[in-house]
Amino acid sequence: MILILSYDWYEQGTDPVIDWLIYQKADFAKITINDLVNRTNDTRLNINTGEIWINGVEISHKVNVIWFRRFEHDISFNFSKETDDPLLKQADSELQLEIRELMQFLFQRFKKEIWMPHYMGISANKLDHIFLAKKRGIKMPETILCNNRADLLSFYEQHQNGVIMKPIRHSGYFIKGEKTFSIYTNSVKKNFIETLPEYFTATLFQQKVDSKMEIRVFYIDGSFYATAIIITKENKETDVKLSFETDNINWIPYELPKDYKLQLSDFFQSLQLNTCSFDVILTHNNEYVLLDINPVGQYNAPSNKCNYKIEQKIANWLVENDKKERKSHNIQPKNAAGASVNL
């Protein structure tokens, strides 16, 4: 069986894959944090036996493959949303930690199964990626984690092409009334640096790489689906995502060099990642510079623009690995027409 850990609501990377699993009559179940915590469905977790019951059916003994798709982002209590009560704020914070402990239990319960991506790879962040990439000789932008104006100004003066800043790991949406705000990668100018206090919260800064094109890639177990975004004067934003909805952007299927793909595959294996999204810059000197790795990144735009049908390929990978595991354990599948437990 395939176990999907994802959102309680529509998620653009999960639902298209589920459509293909249904089409292939795959044996699968989808569980969310809310299923386990708020009982939005008849889902029960027995921590003494490790059993998971869905609508009266025990499934844990059948699970061979687990697809982890932003499961943790579904945690939301918001007891303190409408109040400044410090006790409720503390309760909110501690409940978030309680749920994360539940996630750790699921990781340990199914640690012998096949994960996509592996739960150990999910926990890494940009700092881990930069440190490990440098050790393996993979070129990344020069980076500092800086908490003071003097060091940032010195870093800025070393890079004539400019400096950018970005979150260390992840930034969600900020919602206020009818408005929604999001954080993007931003350029850092000298006049901005001069307005900063002498000390500030540790922030990630990188050199701005002079680019011929940006390449967005989805990686699945040794296969690379790359899309080149041709940079023009009209769409040369610091964060290319700001140009996605314009008519000035060109998406082109791209083939990374074989040696570079082998180097990246080896790197991803060391991170215990059998899938991820990542961004690469091709410089005017024809060097490849790795920018970011996201273990559960989105793939819809390059998939649709270049007709890669990545959602189908993910579904195929899940089904094929489930079949391999059943075969290795000599487990006969049930009648496929009625096998799925789709919550």
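The values are calculated or read from the model by the stated rules, or taken from the named source; none is laboratory data. All values derive from a computational prediction rather than experimental measurement. Counting neighbours? That spans all protein chains shown, and the Cβs are built from the backbone with ideal geometry, glycine included. Remember, those area values only see protein heavy atoms, side chains included, never the ligands or the DNA or RNA. Shrake-Rupley method; radii C 1.70, N 1.55, O 1.52, S 1.80 Å.
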Within segment 248-278, tally of residues that are closer than 18 Å to Leu127 by Cβ, open to solvent by 20 Å² or more (accessible area, probe 1.4 Å) and either part of a loop (DSSP other than H, G, I, E, B) or at pLDDT 95 or above (or both) | 1
Assuming Thr49 fulfils every condition listed in (1) surrounded by fewer than 15 Cβ atoms within 10 Å (Cβ to Cβ); (2) more than 24 Å from Leu97 (Cβ to Cβ); (3) in contact (Cβ under 8 Å) with a residue 24 or more places away in the chain apart from one, which condition is it?
-> (3)
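Can you pull out every residue in segment 279-302 that is small (Gly, Ala, Ser) and either open to solvent by 40 Å² or more (accessible area, probe 1.4 Å) or touching a Phe, Trp or Tyr at 6+ places or on another chain (Cβ under 7 Å) (or both)?
First, the residues of segment 279-302 that are small (Gly, Ala, Ser): 297, 301.
Correct list: Ala301 only.
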Taking segment 304-330 as the search range and keeping residues that are closer than 21 Å to Ile230 by Cα and out of contact with any strand residue (DSSP E or B) (no Cβ under 7 Å at 6 or more places or on another chain), which one is surrounded by the most Cβ atoms within 10 Å (Cβ to Cβ)?
-> Asn304
What tally of residues in segment 108-167 results from selecting those that are part of a loop (DSSP other than H, G, I, E, B), open to solvent by 20 Å² or more (accessible area, probe 1.4 Å), in contact with a strand residue (DSSP E or B) (Cβ under 6 Å, 6 or more places away or on another chain) and more than 30 Å from Glu194 (Cβ to Cβ)?
-> 2
Number of positions in segment 81-107 that are modelled with pLDDT under 85, assigned to a helix (DSSP H, G or I) and of a type in the set (D, E, K, R) = 5
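Assess whether Ile175 counts as being assigned to a strand (DSSP E or B), loosely packed, with under 12 Cβ neighbours inside 10 Å and out of contact with any Cys (no Cβ under 7 Å at 6 or more places or on another chain).
Details: assigned to a strand (DSSP E or B): yes; loosely packed, with under 12 Cβ neighbours inside 10 Å: yes; out of contact with any Cys (no Cβ under 7 Å at 6 or more places or on another chain): yes.
Taking the combined requirement at face value, the residue satisfies it.
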